[in-house]
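Notes to accompany the following structure.
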2 protein chains.
Amino acid sequence: MSQENTGTLGEKHENPHLSDTSSLGLPRELVEAVELMFFAYRDFVSDPDTILESHGFGRAHHRVLHFVGRRPGMSVSELLHILSITKQSLSRVLKDLIEEKYIIQETDEQDRRIKRLLLSAKGHELHRNLIAPQIQRFQVSLAKSESGTLEKWQEFMRHLTNMETKIDFMDDTGREK
Amino acid sequence: MSQENTGTLGEKHENPHLSDTSSLGLPRELVEAVELMFFAYRDFVSDPDTILESHGFGRAHHRVLHFVGRRPGMSVSELLHILSITKQSLSRVLKDLIEEKYIIQETDEQDRRIKRLLLSAKGHELHRNLIAPQIQRFQVSLAKSESGTLEKWQEFMRHLTNMETKIDFMDDTGREK
DNA sequence: ACAAATATGTCAGCCATGTTGACTTATTTT
DNA sequence: AAAATAAGTCAACATGGCTGACATATTTGT
């Protein structure tokens with residue numbers, strides 16, 4: 001292969017003390033971490049993507065299905081807020097899911113302007129099928145790791161998010177912050 | 001708030017032993033981990049996205065800039081392989097970057113079919129500016145974590161990727177498998 | 001030497017999913 | 001009765017994936 005080693009990758013084992021710098025003048029292990037976010041995320045969503053394709057759906061459908069499944073009875077505006085997309089973007093995929101009976105709408109009793117979103121049995125089934133390979137991936141990875149890994153991974157990932165996003169969803173039990 | 005608590009989220013602290021099940025019949029902490037991948041990734045790329053916008057570029061430009069920066073002299077087909085996109089998709093963004101002088105092409109001496117890709121000074125600068133907030137995010141998070149966190153996080157993230165992807169890039173020093 | 005394979009580039013069009021802006025309708029709040 | 005809120009819709013546009021079909025230059029293999 002007529003290409004010389006540029007020395008920017010693949011040499012982690014030569015310096016066990018980390019903290020040397022890459023071509024960017026930044027700690028190499030952090031630059032590698034940035035890449036790991038890219039690769040891990042891409043691979044992580046690849047399995048559900050395949051399933052979605054066979055249903056004529058995309059990732060956007062998956063997200064809606066997931067969050068409605070996780071918070072049954074959520075309103076459209078709550079969903080918009082979590083996904084951080086516009087209502088026009090949401091409406092395309094939500095319409096598909098409602099038309100094909102994966103999601104059911106119920107008008108709120110107290111405030112009849114609000115529509116509560118729920119998964120049908122069909123919706124729950126698809127939701128499970130989509131998340132299964134991702135859970136599986138975590139379980140396989142955890143089996144290769146020491147105990148306590150998941151908790152620490154979660155804590156670190158939480159630090160990487162914007163606080164607001166977390167609070168708006170993860171920390172919300174229905175009452176309010 | 002005319003919305004009752006559905007009990008599917010935000011109650012981690014009530015069961016310190018984990019492993020109870022969510023509405024999916026799956027371990028709740030793993031379902032939450034799936035969500036963390038989504039939120040963390042989204043927030044993680046949000047800062048570079050803002051910078052890119054001011055240059056009229058998108059995420060696709062960022063990826064090209066990044067990998068060319070990390071492996072100076074890589075060929076177009078190597079880049080395609082790492083990104084796992086088609087050459088038509090790549091060509092659009094690569095064209096932009098070359099036209100605006102962020103990336104330089106050099107014909108390989110040995111095999112004049114191959115074009116080696118390099119960042120210009122301008123390209124290096126943009127690359128640094130794009131990655132800076134992401135490195136920053138890691139550093140802030142690490143400061144809140146115990147020592148050894150990064151190594152363990154990286155190992156776990158690596159487990160989550162498809163081996164092939166890793167080997168093709170992370171483990172490649174220029175010679176070939 | 002010539003045919004085949006390889007590396008790159010390009011045209012044209014399709015699809016998914018994000019965006020903005022402008023409105024409508026129903027319902028609740030003030 | 002007016003204003004605010006929740007939801008939905010239409011139209012248009014951008015990004016960045018995709019496929020298929022070719023073109024060109026260069027190297028490799030017979």
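The values are calculated or read from the model by the stated rules, or taken from the named source; none is laboratory data. Being a predicted model, the structure only gives us computed values, none of them experimental. Cβ sites come from the backbone with ideal geometry, for glycine too, and all protein chains shown count toward neighbours.
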Cβ-Cβ below 6 Å, separation at least six or inter-chain, first residue in region B:69-86 and aliphatic (A, V, I, L, M), second away from DNA strand D (no atom under 13 Å from the Cβ) and modelled with pLDDT under 95: which pairs?
-> B:ILE82/B:PHE169
Which of the residues belonging to region A:93-116 are more than 16 Å from DNA strand C (Cβ to nearest atom) and surrounded by 14 or more Cβ atoms within 10 Å (Cβ to Cβ)?
-> A:ILE104
Restricting attention to region A:67-104, and to residues there that are within 11 Å of chain B (Cβ to nearest Cβ) and in contact with an Asp or Glu (Cβ under 8 Å, 6 or more places away or on another chain), which single residue is farthest from DNA strand D (Cβ to nearest atom)?
-> A:ARG70
Meets criteria (out of contact with any His (no Cβ under 7 Å at 6 or more places or on another chain), among the polar types (S, T, N, Q) and under 25 Å from A:GLY56 (Cα atoms)) for A:SER91 | yes
Give me a count of the residues in region A:34-52 that are more than 8 Å from chain B (Cβ to nearest Cβ) and within 12 Å of DNA strand D (Cβ to nearest atom).
-> 1
Just wondering, is there one or more residues in region A:141-163 that are part of a helix (DSSP H, G or I) and touching a strand residue (DSSP E or B) at 6+ places or on another chain (Cβ under 8 Å)?
-> no
Right, B:LYS144: within 13 Å of DNA strand D (Cβ to nearest atom) and out of contact with any Asp or Glu (no Cβ under 7 Å at 6 or more places or on another chain) or not?
-> no
Which is assigned to a helix (DSSP H, G or I), within 11 Å of DNA strand C (Cβ to nearest atom) and closer than 20 Å to B:LEU26 by Cβ, of A:HIS66, A:HIS62?
-> A:HIS62
Examine region B:72-92 for a residue that is more than 13 Å from DNA strand C (Cβ to nearest atom) and surrounded by 20 or more Cβ atoms within 10 Å (Cβ to Cβ), and state whether such a residue exists.
-> no
Looking across region A:53-66 at residues that are more than 14 Å from DNA strand D (Cβ to nearest atom) and of a type in the set (A, V, I, L, M, F, W, C), the single one that is nearest to A:LEU118 (Cα to Cα) is A:LEU65
